[in-house]
Amino acid sequence: MPTGENNLFLMHCIDGCTFPYPSGSCSVSRSVHELKALGYTGGVICNTPIPELETPDFQIIPARHIRRGSVRELQKDIQETTKRRMYCMVQAGENKMNRTFLTMPGVHALSELHTAPKNAFDRFCAQIAAERNVAVDIRVRPLWELRGISRQRVIRLYEEILLLQNRYEFHLTISSGALTPLDMRGPRAIETILTEIGMDRDLIRKSFDSIPNLMKGYKSAREISDET
Amino acid sequence: MRLRPSMRENYRYLLARIEPPVPMDAKEIFLVISDVYCSLFGEIQASYAWIAVMEYTPPYGIFRCRRGYEHTVEAALSCVTSIRGIPSVIHPFKTSGTIRTIREKINQNKVDIIRTGKVKVNETWISVEINSTDRIDLKEKGINHNMPLYITEEDIEDLYYDE
């Protein structure tokens, strides 16, 4: 299963979010080609119709990335995405909005938390995410795109998310959010960067593989105590 | 200061692919990596890491660092977004204790040959750079943004290479 020179994993390795044309500047086939060359075994292709491509050993996951808007518009978009059986990601907003998104049926992941206001994702959100099997997306692009205080803020936010993940055990996904091939990084590079900011290697590997389970609706394993 | 061989520090060598494979000076790459490393880990760690660019033969670059710092150097290499003002990316893919193993790895990998040509997309002919691994980059000036700039052979209607 592992493909490409960068893949160190013996399991699925999926980039959680890429934006080909019209959002980005590369075609779907080029995005798939680049991801495969970097060592991924699958990729989430957002907001674009997917042409018929022969991609052996590569799983293409069609997705919809829903930007912030009114609750009614969002509900309509999510229902439409659920009907088409697509992977559904919602851009995080304010704390109350995030709680609403997390309780909406059909939402698979909450993304772009780094653009959300401070305290947008708290322990109540974490609890709801764990209960309703919704993942939190770790966008890695800001880690190399930003500099100085803004990057420090993102690292601090991810540290808080990891702390909550450790406590509530909700799913995580890892995405590049790539618009061009130059925004893409291999799994090995992403693993190194995330390890440097304090993410556990096992968790990184689990997060790379979490999207198929989210689509199937599997819940993470939980320890049941013997209360006799 | 000259030390006995047993007292010398051990090195680690990193092999990385730099995209786009533009010919450039190794010093320019070093300055960028040094800057990125400093912003990520600080001046003190940068002074301990002993980063050096051993050689750069497009698209592969060989980097050297002190043993124990290879993960941080790899992270810094992955965080490079531009070199000499050109949007670029460095993909590290092998770490070794000897430069010989790294050179063997380079020899194993096939070299990408970039050729210029023209492709027909949406009934218009556009100048492109064609990579031997089926990657096609649209290069024409003042290009219409109603089409993707990075494509493959599956997206085009016709193709011919320049002489």
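Things worth noting here:
- Matching helices (runs of 4 or more DSSP H) fully within segment A:1-114 where at least 3 residues are without any contact (Cβ under 8 Å) to a residue 24 or more places away in the chain: A:71-83
- Verdict on residue A:181 being at pLDDT 95 or above and either within 14 Å of chain B (Cβ to nearest Cβ) or more than 16 Å from residue A:14 (Cβ to Cβ) (or both): no
- Listing of strands (runs of 3 or more DSSP E) fully contained in segment B:69-163 that carry 3 or more residues being closer than 22 Å to residue B:54 by Cβ and either touching a residue at least 60 places away in the same chain (Cβ under 8 Å) or more than 11 Å from every other protein chain (Cβ to nearest Cβ) (or both): B:89-96
- Number of the exception - residue A:163 against (1) under 21 Å from residue B:40 (Cβ atoms); (2) at pLDDT 95 or above; (3) assigned to a helix (DSSP H, G or I): (1)
- Among the candidates B:4, B:12, the residue that is of a type outside the set (Val, Ile, Thr), away from chain A (no Cβ under 12 Å) and in contact (Cβ under 8 Å) with a residue 60 or more places away in the chain is uniquely B:12.
- In segment A:183-216, the residues that are under 14 Å from the mean Cα position of the chain (by Cα) and of a type in the set (Lys, Arg): A:205, A:206
- Residue A:205 vs. criteria in contact (Cβ under 8 Å) with a residue 60 or more places away in the chain, outside any helix (DSSP H, G or I) and either of a type outside the set (Phe, Trp, Tyr) or within 12 Å of another protein chain (Cβ to nearest Cβ) (or both): no
- Subset tally (residues that are within 25 Å of residue B:147 (Cα to Cα) and either under 19 Å from the mean Cα position of the chain (by Cα) or aliphatic (A, V, I, L, M) (or both)) for segment A:24-83: 28
- Criterion applied to B:68, B:61 was being out of contact with any Ser or Thr (no Cβ under 9 Å at 6 or more places or on another chain) and within 21 Å of residue A:184 (Cα to Cα), and the one residue passing it is B:61.
- Residues that are in a loop (DSSP other than H, G, I, E, B), within 17 Å of residue B:78 (Cα to Cα) and not small (Gly, Ala, Ser) within segment B:23-53 comprise just one, B:51.
- Residue in segment A:73-95 that is in contact with a Ser or Thr (Cβ under 8 Å, 6 or more places away or on another chain), more than 14 Å from chain B (Cβ to nearest Cβ) and surrounded by fewer than 21 Cβ atoms within 10 Å (Cβ to Cβ) present: yes
- Within segment A:39-72, the set of residues being exposed (fewer than 15 other Cβ atoms within 10 Å of the Cβ) and charged (D, E, K, R) comprises A:52, A:54, A:57, A:67, A:72.
- Taken as a whole, the condition of being surrounded by fewer than 16 Cβ atoms within 10 Å (Cβ to Cβ) and touching a residue at least 40 places away in the same chain (Cβ under 8 Å) does not apply to residue A:139.
- Boolean, residue A:155 is at pLDDT 95 or above, within 14 Å of chain B (Cβ to nearest Cβ) and within 19 Å of residue A:91 (Cα to Cα): yes
The values are calculated or read from the model by the stated rules, or taken from the named source; none is laboratory data. The structure displayed is predicted, hence computed values, not measured ones. In this analysis, Cβ positions are derived from the backbone assuming ideal geometry, glycine residues included, and neighbour counts consider all displayed protein chains.
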